[in-house]
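Novice: Could you have a look at this structure, given as structure tokens, before my questions?
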């Protein structure tokens with residue numbers, strides 16, 4: 001197992017929530033919640049494994065690893081083990097320029113994939129039934145992970161921009177020529193790599209009232225994905241809190257990962 005340390009455990013809506021840390025490839029410690037079924041063991045490799053990566057909103061109460069706790073508890077009841085890691089870049093380390101930001105993005109993807117390693121190391125997780133879900137920056141990182149990790153079968157991208165510069169150049173003071181920055185970061189832009197995620201079925205969820213992401217941006221991102229990817233639009237803002245959004249995401253994960261007693265498609 002990936003140097004896992006359990007700091008506390010609590011019950012939540014019929015699931016067990018472990019407050020944990022685990023080691024990232026760079027030696028740093030990742031804080032996360034590990035949410036798993038509460039009850040008798042269902043058998044070896046009985047559960048799907050899902051990493052849920054949160055959004056960034058410093059003013060929201062769930063702009064951190066707590067965002068998906070309730071949803072993860074429901075997924076656990078349906079037969080999944082969920083990992084909710086705390087993001088680092090740009091949550092606690094701001095972008096400063098392409099020379100530093102490129103390695104920082106790669107490091108964050110490595111932290112996400114270390115979470116997948118952790119799930120696969122569990123005897124109750126089926127490594128052939130792995131999914132990643134991400135909102136906002138979490139969706140961008142989930143896309144990069146799915147592009148280069150053949151283990152991922154389901155990818156859900158929620159209100160994510162297709163390029164790092166869409167966020168970094170607008171909301172941070174980066175003293176670098178805009179064109180130079182965009183050129184340097186382009187190989188890491190989610191829209192440039194999502195087409196490689198051919199092993200994963202993808203669902204894109206966007207809000208029609210999203211102040212930050214135009215409707216055409218969602219269409220462009222989805223258009224770069226492998227054939228068969230799904231796009232769903234809602235009368236929602238960037239927080240994507242409408243109940244139907246979670247319901248559609250749950251139906252997608254049920255179908256792809258064989259949750260709630262079904263067989264994976």
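The values are calculated or read from the model by the stated rules, or taken from the named source; none is laboratory data. If you're wondering where the values come from, they're calculated on a predicted model, not measured in any experiment. Glycine gets a Cβ as well: all are built from the backbone with ideal geometry, and neighbour counts include every protein chain shown.
Novice: Can you confirm whether residue 9 is at pLDDT below 95, farther than 15 Å from residue 136 by Cβ, in contact with a strand residue (DSSP E or B) (Cβ under 7 Å, 6 or more places away or on another chain) and surrounded by fewer than 21 Cβ atoms within 10 Å (Cβ to Cβ)?
Specialist: It is false that residue 9 is at pLDDT below 95, farther than 15 Å from residue 136 by Cβ, in contact with a strand residue (DSSP E or B) (Cβ under 7 Å, 6 or more places away or on another chain) and surrounded by fewer than 21 Cβ atoms within 10 Å (Cβ to Cβ).
Novice: Being in contact (Cβ under 8 Å) with a residue 12 or more places away in the chain and either closer than 16 Å to residue 53 by Cα or assigned to a helix (DSSP H, G or I) (or both) is the filter here; which residues of the stretch 170-185 pass it?
Specialist: The answer is 178, 180, 181, 182, 184, 185.
Novice: May I ask you to list pairs of residues, at least six apart or on different chains, whose Cβ atoms are under 7 Å apart, with the first in the stretch 158-169 being at positive phi and surrounded by 23 or more Cβ atoms within 10 Å (Cβ to Cβ) and the second being at pLDDT 95 or above and assigned to a loop (DSSP other than H, G, I, E, B)?
Specialist: Cβ pairs passing all conditions: 159/136; 159/210; 159/238; 159/240.
Novice: Please go through the stretch 93-108 and pick out each residue that is in a loop (DSSP other than H, G, I, E, B), surrounded by fewer than 17 Cβ atoms within 10 Å (Cβ to Cβ) and either touching a helix residue (DSSP H, G or I) at 6+ places or on another chain (Cβ under 8 Å) or at pLDDT below 95 (or both).
Specialist: The answer is 93, 97.
Novice: Turning to a different aspect of this structure: Is the stretch 56-73 home to any residue that is under 20 Å from residue 257 (Cβ atoms), part of a helix (DSSP H, G or I) and touching a strand residue (DSSP E or B) at 6+ places or on another chain (Cβ under 6 Å)?
Specialist: yes
Novice: What's the total number of residues in the stretch 48-82 that are in contact with a helix residue (DSSP H, G or I) (Cβ under 8 Å, 6 or more places away or on another chain) and more than 30 Å from residue 170 (Cβ to Cβ)?
Specialist: Counting residues in the stretch 48-82 that are in contact with a helix residue (DSSP H, G or I) (Cβ under 8 Å, 6 or more places away or on another chain) and more than 30 Å from residue 170 (Cβ to Cβ) gives 9.
Novice: Go through the stretch 64-88 and give me each residue that's closer than 17 Å to residue 139 by Cα and surrounded by fewer than 21 Cβ atoms within 10 Å (Cβ to Cβ).
Specialist: 64, 66, 69, 71, 86, 88
Novice: Looking at residue 239, is it crowded, with 16+ Cβ neighbours inside 10 Å, outside any loop (DSSP other than H, G, I, E, B) and touching a residue at least 12 places away in the same chain (Cβ under 8 Å)?
Specialist: No: the conditions fail for residue 239.
Novice: Filter the stretch 119-140 down to residues that are crowded, with 20+ Cβ neighbours inside 10 Å and not in a strand (DSSP E or B), then give me how many there are.
Specialist: 6
Novice: What is the residue count in the stretch 188-200 for residues that are buried (at least 21 other Cβ atoms within 10 Å of the Cβ) and outside any helix (DSSP H, G or I)?
Specialist: Within the stretch 188-200, residues that are buried (at least 21 other Cβ atoms within 10 Å of the Cβ) and outside any helix (DSSP H, G or I) number 3.
Novice: Of all the residues that make up the stretch 8-28, how many are farther than 13 Å from residue 65 by Cβ and part of a strand (DSSP E or B)?
Specialist: Of the residues in that region, 8 qualify.
Novice: Which of the numbered conditions does residue 62 fail, given that it passes all the others? Conditions: (1) in contact (Cβ under 8 Å) with a residue 24 or more places away in the chain; (2) under 29 Å from residue 207 (Cβ atoms).
Specialist: Failing condition for residue 62: (1).
Novice: Further, regarding this structure: Among the residues of the stretch 141-155, what is the count of those that are buried (at least 24 other Cβ atoms within 10 Å of the Cβ), in contact with a strand residue (DSSP E or B) (Cβ under 7 Å, 6 or more places away or on another chain) and either at pLDDT below 95 or not in a strand (DSSP E or B) (or both)?
Specialist: 5
Novice: What do you reckon, is residue 225 in contact with a helix residue (DSSP H, G or I) (Cβ under 7 Å, 6 or more places away or on another chain), assigned to a loop (DSSP other than H, G, I, E, B) and within 28 Å of residue 59 (Cα to Cα)?
Specialist: Answer is no for this residue.
Novice: Would you check which residues across the stretch 201-223 are crowded, with 18+ Cβ neighbours inside 10 Å and modelled with pLDDT under 95 and list them?
Specialist: 213, 217, 218 - these are the residues of the stretch 201-223 that are crowded, with 18+ Cβ neighbours inside 10 Å and modelled with pLDDT under 95.
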